[in-house]
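The next block holds one structure in the form of structure tokens; read it before the comments.
What follows draws every value from the coordinates through simple rules; no lab data is involved. What you see is a predicted model; the values in this text were computed from it and never measured. Glycine also receives a Cβ, built like all others from the backbone with ideal geometry; neighbour counts cover every protein chain displayed.
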Amino acid sequence: MRKIVEKSMLGHAWVVSDDFEDCLDGSDDMLHRILLRRGVSVDDFEKFLNPSVKEYMPDPFVLHDMRAAAKIISDAVLNNEKIAVYGDYDVDGITSTAIFVKYMRAIGADVMWHLPTREGEGYGLHSDAVHAIHNAGAKLLVTVDCGISGGAEVELARSLGMRVVVTDHHSPDANLPNADAVVNPKRTDDDSGLTYLAGVGVAFLTLVAVNRELKNSNRSDLMEKIQSINLLNLLDCVALGTICDTMSLVGLNRAFVATGLKVLNLRQNLGLRVLMDIARVDRVSVYTAGFVIGPRLNAAGRLDSAAPALELLLTDNPLIAQDLAHKLDAMNQERINIQNIIMAQATDMADRYCADGRCSLFVCGDNWHGGVMGIIAGRLKDKYNLPACVATRADGMINGSGRSIPGVNLGAIIHDALAHGLICEGGGHAAAAGFSLTADQESEFCEFLERSVLDQLNGNMPATDINVDMEMDAGGATMNLVKKLEKLEPFGQGNPEPTLVLRGAILNRALVMGRGGAHLRGDFRTSTGGRLDFVGFNLVGTPVGNFLLDDANINTKIMLLGRLKENSYNGRTTAQFVLEDIAL
């Protein structure tokens, strides 16, 4: 790694890898350099730049237990048995449930669904819900995006005479639930290599396998329905769930999201179309899916029940769609108001907690709303560059969520804490996890978290290096470059928007923008005599903001770090730099 800047104005080192130079064979193509720096081999350039489901799609039966799962589900359909789909209250769980229910309805199956409430039932299978599903006449229980840690509830369902198929992507406990089939790429005996899939990705592959089984049945009453189904039309929901669960956009996920965004932009799903209109989304990107549509779908589950979000994805009634979409939009605003109040309190706590030089972060407040813990954990993780856990304390119990940084597998830490008896419940994956513990376990859990993070980081503090994809003269930051970089889409976890360092930018002006006065806008002059507009979010009050807003620094030559994007305003489209840091 080569250091471009030893210490930026925000205290970071900017580093770039030149280890691959011999692989380019004289080519100086920017995209190829970026791909090599991201670990994509020369042979895979074309596949990466043109991701298609056909190219990446595996045989679904490579997943362990998939053959048994598909047979059990298809038999239930063929025998006209009631099937219950049990999901989760986040976007991944909602979309997983939606695609399963949509498919089952399309083939005429008898299907019902259940989503748990965050505050009432909590994550995963719940015994009362299992009883209710049984009493409703279900013969088969299929879990999506949950179930891997529901051993007791699976046993209950089977004791009541139901068959159980678990489909999930969360890390399993030492013992798998005793279900009739358990489909999870994170099983230790699964060698599919699909551990990066979201729950909705696992659910989609299960439907592909079920569809194949039903085709092989040659049932004349089903053939016409099956032939009319295009499973690719479900990829709008698959893309949403994958993006919102912050799964890495690599391999099959990349194909799911690339194709799913195209389906989203066809606006075929009535509920999503109405929600997009209300949120003023003309074209869905990874960003708008994750930060505009996703939060509105998530809002229902965060504040009450996720049922309105699922009903929106399933409805064909325009009046119902309008009502549900407006309800979700209002819920999202309520969520933002709650979140802002708690965020201020959590930040004060985090400042004090980090003063001890810890490499992990844990903050807990009395009676905070549990529905926003994950969002705040993500914000604190970004602010402090530490794996962050945020929790609420009530009635002697602590319930929380965590978000992690690269290099720290938070899900593994939570599973270890559960195995050691330091928490009552918990689960997750590398980037995110949830947990519950008694109030008297708090200090012991905090120390366990700190030790575990240190162990994973080999005793070092989290790196403050920023990996740069490309450095160049600021004069090259044009719309031509924007269009070139767009070939790397979709961007997201595992394939972020390219981070650029621009040399030779001369500060022309900087102004405060936004209602809260936290953001910057302005422009730089470049060596080619052009002008480069910029925005800088949450930079006011930082060393970067203080420098740029000081009139004494106008005409100063600066190095910029950030991302180059297309900006459309008043019918004019220009390149705009999203500024994240500067160096002199």
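Residues whose amide H lies under 5 Å from that of V501, counting only those 5 or more places away or on a different chain, are M470, E471, M472; hydrogens are built 1.01 Å from N in the peptide plane. Inter-label distance, L232 to L78: 2.9 nm, where each label sits 7 Å from its Cα along the C-beta direction.
For the range 311-376, the spread of Cα coordinates along the three principal axes comes to 56, 20, 15 Å, biggest extent given first.
Given R0 = 30 Å, the distance between the Cβ atoms of F537 and M1 translates into a calculated FRET efficiency of 0.65. Computed over the range 55-231, the range of Cα coordinates on each principal axis works out to 42, 38, 27 Å, biggest value leading.
Just want the ordering: R302, R267, from fewest to most Cβ atoms lying within 10 Å of their own Cβ. The partial results should precede the final answer.
On the way: R302 25, R267 15.
Fewest-to-most ranking of R302, R267: R267, R302.
Relative to the 2.2 N^0.38 Å rule of thumb, the range 356-456 has a C-alpha radius of gyration ratio of 0.94.
Extension gain, M349 to K215, is 42.5 nm, computed as 0.36 nm per intervening residue step minus the present C-alpha separation. Under the simplified labelling scheme, the E224-A394 pair shows an inter-label distance of 5.2 nm, with each label point 7 Å from Cα along Cα→Cβ. Amide hydrogen proximity for T528: with H placed 1.01 Å from N in the peptide plane, the residues at 5 or more positions away or on another chain lying under 5 Å are G475.
Computed over every Cα-Cα pair of the range 207-358 and binned at 10 Å starting from 0, the pair-distance distribution P(r) comes out as 10, 30, 29, 19, 8, 3, 1 percent. For the chain, what percent of Cα pairs sit more than 38 Å apart? In whole percent, the long-distance tail amounts to 33.
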